[in-house]
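Structure, as structure tokens:
The values are calculated or read from the model by the stated rules, or taken from the named source; none is laboratory data. Given the structure is predicted, the values throughout are model-derived calculations rather than measurements. All Cβ positions, glycine included, derive from the backbone under ideal geometry; neighbour counts span all protein chains shown. In case anyone asks, the SASA skips ligands and DNA or RNA and just uses the protein heavy atoms, side chains included. Shrake-Rupley method; radii C 1.70, N 1.55, O 1.52, S 1.80 Å.
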Amino acid sequence: MNNATDTVEKLSIPGPTGRRVLGNLFDFSSDPLTFLTHAAREHGDVVAIGSHNVLLTHPRDIENMLVDREGRFSKARVPGSSEGRRGQGFPHAMMNSDGDDWRTKRDRLQPSFSRHMTTTAAEVVRVEAERTLNGWALGSVQDLQEHVARLTLRVVTRLLFGESFSSSDVEIVAKLVAAVMDLATTPIILPEWVPTPKVVRIRRSLRQLDEVLARVATSPLARDRERAPVLHALMSATPKLSSAELRDEFATLVMAGYETTNDAVVWASYLLAQHPNAAQRVAEEADAATQKKAPSVERMESLRYTHAVLKEAMRLYSPVWITSRDCLCDVEYAGHRIPRGTTVTVSQWVTHRDPRFFSDAHRFVPERWLDSSNPPIRGSYFPFGLGPRACIGAAVATTEAVILLAEINRRFRLELVDPSAVRPRPVIALQPVGVRVRVRRRETIPAPSQPA
Ligand code: HEM
């Protein structure tokens, strides 16, 4: 939350008052999902959640803020972060830049995220899924988060940098991501120069990553637009990227693309494990698609129900659960003036579960996405963001997740070992904790019960 500064005018907008000294900081830090939900339900569509933080919950306002074409908002800090973490937020990356600088960087990367990359994603994920799932014995218990995470990490590094990454390189990246996630959960923010163990771990991982990238940058693949489009785009930029720029771009792309896709697949699997009817339908659709189409993006396009499952999982458990911007000028929402310098936040978790915009808002109903005559209200569903800053990897991530769900359910039925142990952990992404599954043969499914 923005703990800011005397230059920002105090808000005169209703909201929870919180505790005497800490305000809402304690409630937000200890359980942000409940805090934001209550704040929205009790105080309306525009809520002051801190002295310089406002939550917008109405789709009309969310769309207006995210589809910001007038440059009224800045994104150049990591959402949910504060001054102290800005430096660790990889400041040179496209994701963390604004204005003309952002436009140049986005234009540089956008052509790589083409249909060709989506096709490659479909193929790579099928091969990786086979490798992982062949190792699952019937009756065994698997930590879904761990397996899917490794798999999506291998897929994303392969998509971004071709085959130039070895397994030990992937390990280095995995360590960096874990260290950054770990830091994101630190409640007390110290200046970056304080060498806490977490900061030391990040620095070590960054050094190792720099070495890997220096090697990758001189590999023949860096000149191969077909096989390593993102690497090629970065390496052929003019002026030439510095090593810090290359590293920041790479690290944010991996982090944006890997943890989120992983969380989407694990949440969808968790929901399917609780809804055997839906799991059965995914399995049958995967059977039919496998018979008809070669493993490809066309096969993915025939998996309509599985896609609906993914969309519904991302409605209930959106991997990105909060998105923030800083106001560069005064803005107004629902008659409330929000002064320049305020942090404005929207939350997928809150709005995706708002019964005003979704019927049966807390139930898992994939079918709602099959009726194209009844789309959600604009601005009410935004797992990939909206407007010019929307996710660059949305098509790739969707393809990856749908194919992976189809491959898992075509082979197995997953049974939750302990449904009560599962809970969301809202860090940079909404991580599922405790999703351990027993691997069952598809035929041994008990008669499906009605979803709760
Ligand atoms: C299910 C998976 C994913 C989800 C839910 C997701 C979600 C999002 C969201 C909500 C944003 C917008 C944030 C904002 O408005 O501040 C975003 C931006 C971004 N995403 Fe994704 N993402 C996913 C996968 C990926 C993948 C696979 C990649 C790349 C390999 C990627 C790269 C990016 C980048 C670079 C941005 C910044 C775009 C910009 O600032 O112009 N994401 N993502």
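None of 132, 120 is in contact with a Lys or Arg (Cβ under 9 Å, 6 or more places away or on another chain), away from the ligand (no atom under 13 Å from the Cβ), β-branched (Val, Ile, Thr) and within 20 Å of residue 398 (Cβ to Cβ) except 132.
Residues being of a type in the set (Gly, Ala, Ser) and in contact with a Leu (Cβ under 6 Å, 6 or more places away or on another chain) are entirely absent from the range 101-119. Might you let me know whether the range 248-261 holds any residue that is more than 18 Å from residue 96 (Cβ to Cβ), within 16 Å of the ligand (Cβ to nearest atom) and not aromatic (Phe, Trp, Tyr)? Looking through the range 248-261, at least one residue is more than 18 Å from residue 96 (Cβ to Cβ), within 16 Å of the ligand (Cβ to nearest atom) and not aromatic (Phe, Trp, Tyr).
For the range 91-117, which residues satisfy the criterion of being away from the ligand (no atom under 11 Å from the Cβ) and not in a helix (DSSP H, G or I)? Selection gives 91, 92, 114. Which members of the range 365-389 meet the condition of being surrounded by fewer than 21 Cβ atoms within 10 Å (Cβ to Cβ) and within 18 Å of residue 306 (Cβ to Cβ)? Scanning the range 365-389 gives 365, 367, 368, 369, 370, 371, 372, 384.
Selection of the range 343-357 for residues being open to solvent by 10 Å² or more (accessible area, probe 1.4 Å) and of a type in the set (D, E, K, R) yields 353, 356. The one condition from (1) modelled with pLDDT under 90; (2) over 16 Å from the mean Cα position of the chain (by Cα); (3) part of a helix (DSSP H, G or I); (4) within 16 Å of the ligand (Cβ to nearest atom) that residue 214 does not meet is (4). Restricting to the range 28-49, give me the number of residues that are farther than 12 Å from residue 350 by Cβ and part of a strand (DSSP E or B). Residues meeting the conditions: 2. Among residues of the range 383-412 that are closer than 15 Å to residue 253 by Cβ, those with a beta-carbon under 8 Å from a residue that is polar (S, T, N, Q) and within 6 Å of the ligand (Cβ to nearest atom) at least six positions away or on a different chain give the pairs 397/260; 397/261; 400/261. Looking across 318, 324, one residue alone is polar (S, T, N, Q), more than 20 Å from residue 401 (Cβ to Cβ) and open to solvent by less than 50 Å² (accessible area, probe 1.4 Å). It is 324.
Looking across 285, 301, one residue alone is without any contact (Cβ under 8 Å) to a residue 12 or more places away in the chain and more than 21 Å from residue 362 (Cβ to Cβ). It is 301. Among the residues of the range 124-148, just one is part of a strand (DSSP E or B) and either more than 23 Å from residue 421 (Cβ to Cβ) or β-branched (Val, Ile, Thr) (or both), namely 141.
Residue by residue, here is whether (1) within 16 Å of the ligand (Cβ to nearest atom); (2) not aromatic (Phe, Trp, Tyr) holds:
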residue	(1), (2)
305	no, no
314	yes, yes
324	yes, yes
343	yes, yes
349	yes, no
355	no, yes
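The set of residues from the range 262-313 being in contact with a Leu (Cβ under 9 Å, 6 or more places away or on another chain) and outside any helix (DSSP H, G or I) comprises just one member, 303. Among the residues of the range 368-389, those that are under 20 Å from residue 358 (Cβ atoms) and within 8 Å of the ligand (Cβ to nearest atom) comprise 382, 383, 384, 385, 386.
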